[in-house]
Amino acid sequence: MSVLQVSHLVKRFDNVVAVDDLSFTVAPGQIFGFLGGNGAGKTTTLRMVLDIIRPTSGTISVLGSAPDRRNAQAIGFLPEERGLYAGMSAIDTIVYFGRLKGMKAAEAHSRGMDLLARFDLAGRARSDIGDMSKGMAQKVQLATSLVNDPALLMLDEPFSGLDPVNQGLLEDEILRASRRGAAVIFSTHVMQHAERLCDRLLLLRNGRKRFEGTLDEARAALPARLIATAKTDLSQVLGVARAERGETRSDGWQDWTLHLSDGVDPAAVLEHCSSNAIALRRWDEHRASLHDVFVQLVGADPEHDPVAAEAAR
């Protein structure tokens, strides 16, 4: 049984369609990347799963039932906009959230101390949240999403604002949750995290799904690019959609960048060269990165576009 199942989900705000006929499932132990640019509908979808807002149409199933407050005991959520009570200590904050999720105080306290120790904050358990650095407070908020060992862990832009060390800690926690069988869904605009962590990916644009599948399937969605060195004009080679001529050396060898047509296997292009006696001194295959796929399908560069980098609301 899937932990989360979304079917034909639609959400309209007046005349704006924020989520448009979206369907996907997340299985136990699966790490599911939710990727999209500004306004793609990622946060809106997560809020519908949490029953914070209601869909216009479509259905959501969390552990076999519709979203409501009874699901809270099985869900952990880290919002994009962090918010903790500045007048509470770290451990009291974690216990408070554990109690909200149906845990007994002693159980939440024990689990909270274990998490603080793992996050190198055991010595700050009684420190006021308001006296902590931003990074420390973010780790406390992460602990509030993990304290109940959720079956569904949802993280909205969880890497935002974290330094590389704490990003690595968060990656470890995502993998730890997956290994114990939790379904993990996280939104991000940092492709490296998605490439390292995700079993499956979903790319959104303007509320509509543009792609869903594995990383290998995502990279295969764009044609391969070949770097070759030859003495022959490679622009007319079978399967090449576009060829870029590079440097010509004094000995006559010339560099080429070959963009293949959709569905063309690079091995078939190499075989064509061999069977037609086209001598090659270099032949390197470059598969599309997830970043390339994102830019092609979503239409914005999340690393360099200042609007896209804010991620979906």
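Working out 0.36 nm times the residue gap between Asp131 and Asp21, then minus their Cα-Cα distance, what length gain in nm do you get to one decimal? The partial results should precede the final answer.
Working: separation 110, 0.36 × 110 = 39.60 nm, distance 4.46 nm.
Extending this stretch completely gives an extra 35.1 nm.
Determine, for Cys198, Cys273, the number of other Cβ atoms within 10 Å of each Cβ, and report the residues in order from fewest to most. Provide the component values of the computation, followed by the final result.
Values: Cys198 24, Cys273 19.
Arranged by neighbour count, lowest to highest, Cys198, Cys273 become Cys273, Cys198.
Taking the Cα centre of the chain as origin, sum charge times position over the Cβ atoms of Lys and Arg (+1) and Asp and Glu (-1), and report the length of that vector in debye to the nearest 20. Can you show the working numbers first?
Details: 36 positive and 40 negative charges, 185 e Å.
The dipole magnitude comes to about 880 debye.
If I stretch the segment between Ser57 and Glu171 completely, what's the gain in nm (0.36 nm per residue apart, minus their alpha carbon distance), one decimal?
Values: separation 114, 0.36 × 114 = 41.04 nm, distance 3.40 nm.
Working it through step by step, the gained length comes to 37.6 nm.
Neighbouring Cβ atoms within 10 Å as the yardstick, rank His109, His189 fewest first.
Details: His109 19, His189 27.
The most exposed by this proxy come first: His109, His189.
For Arg179 and Arg287, FRET efficiency with R0 = 30 Å and r from the beta-carbon atoms, rounded to 0.05?
On the way: r = 28 Å, r/R0 = 0.93.
The formula returns an efficiency of 0.60 here.
For the charge dipole of segment 223-287, defined by +1 on Lys and Arg C-beta atoms and -1 on Asp and Glu C-beta atoms about the Cα centroid, which residue among Val237, Pro223, Gln254 has the Cα displaced farthest towards the positive pole?
So the residue we want is Gln254.
Going by C-beta contacts inside 10 Å, put Val19, Val165, Val269 in order with the fewest on the left. Please report the intermediate quantities before stating the final value.
Values: Val19 26, Val165 10, Val269 23.
Lowest count first: Val165, Val269, Val19.
Using a simple spin-label model with points 7 Å from Cα along the Cα→Cβ vector, what separation in nm is obtained for Asp114 and Thr214?
Once both label points are built, they end up 3.3 nm from each other.
Select from segment 212-286 those trypsin sites (Lys or Arg not before Pro) which occupy a DSSP coil region and have at most 15 other Cβ atoms within 10 Å, ordered by residue number. Could the numbers behind the result be given before it?
Numbers: sites: Arg219, Arg225, Lys231, Arg242, Arg245, Arg249, Arg281, Arg282; in loops: Lys231, Arg249.
Sites meeting the loop and neighbour criteria: Lys231, Arg249.
Over the Cα atoms of the chain, Rg to Rh with Kirkwood Rh, two decimal places?
On the way: Rg = 23.9 Å, Rh = 21.8 Å.
Checking Rg against Rh, the ratio lands at 1.10.
Provide the FRET efficiency to the nearest 0.05 for the His272-His8 pair, computing r from the beta carbons and using R0 = 35 Å. Please list the in-between numbers first.
Details: r = 44 Å, r/R0 = 1.27.
The calculated FRET efficiency here is 0.20.
Find which of Tyr96, Val6, Leu146 sits farthest along the positive direction of the dipole of the chain, computed with +1 on the beta-carbon of Lys and Arg, -1 on that of Asp and Glu, about the Cα centre.
Projecting each Cα onto the dipole axis, the largest value belongs to Tyr96.
Just list whichever of Lys101/Lys134; Lys134/Lys209; Lys11/Lys134 have alpha carbons separated by over 27 Å in the model shown.
Distance filter (> 27 Å) returns Lys134/Lys209; Lys11/Lys134.
Which of the trypsin sites (Lys or Arg not before Pro) found in segment 41-131 are loop residues per DSSP with 13 or fewer other Cβ atoms within 10 Å of their Cβ? All intermediate terms of the calculation are to be shown ahead of the outcome.
Details: sites: Lys42, Arg47, Arg69, Arg70, Arg82, Arg99, Lys101, Lys104, Arg111, Arg118, Arg124, Arg126; in loops: Arg82, Lys101, Lys104, Arg126.
Counting only loop positions with at most 13 other Cβ atoms within 10 Å, the trypsin sites (Lys or Arg not before Pro) in segment 41-131 are Lys104, Arg126.
So for the chain: antiparallel DSSP bridges make up what percent, rounded to the nearest 5?
Working: 37 of 56 bridges.
Given both bridge residues lie in the chain, the antiparallel proportion sits at roughly 65 percent.
Suppose each label sits 7 Å from its Cα in the direction of the beta carbon; what would the Met88-Thr257 distance come out to in nanometres?
Calculated label separation equals 5.3 nm.
Computed over the Cα atoms of segment 63-126, what is the ratio Rg over Rh, Rh following Kirkwood? Mind dumping the intermediate values first?
Values: Rg = 13.1 Å, Rh = 13.0 Å.
Looking at segment 63-126, the ratio lands at 1.01.
Grab the beta carbon distance between Ala105 and Gln73, set R0 = 25 Å, and tell me the FRET efficiency rounded to 0.05. Don't skip to the end; give the middle numbers.
Numbers: r = 15 Å, r/R0 = 0.60.
Once the sixth-power term is evaluated, E becomes 0.95.
To the nearest 20 Debye, how big is the dipole of segment 223-287 about its Cα centre, given +1 on the beta carbon of each Lys and Arg and -1 on that of each Asp and Glu? Mind dumping the intermediate values first?
Details: 8 positive and 10 negative charges, 25 e Å.
I would put it at about 120 debye.
Laboratory data are not the source of any read-out in this text; all were calculated from the coordinates shown. For clarity, every value in this text was computed on a predicted model and none was experimentally measured. Counting neighbours? That spans all protein chains shown, and the Cβs are built from the backbone with ideal geometry, glycine included.
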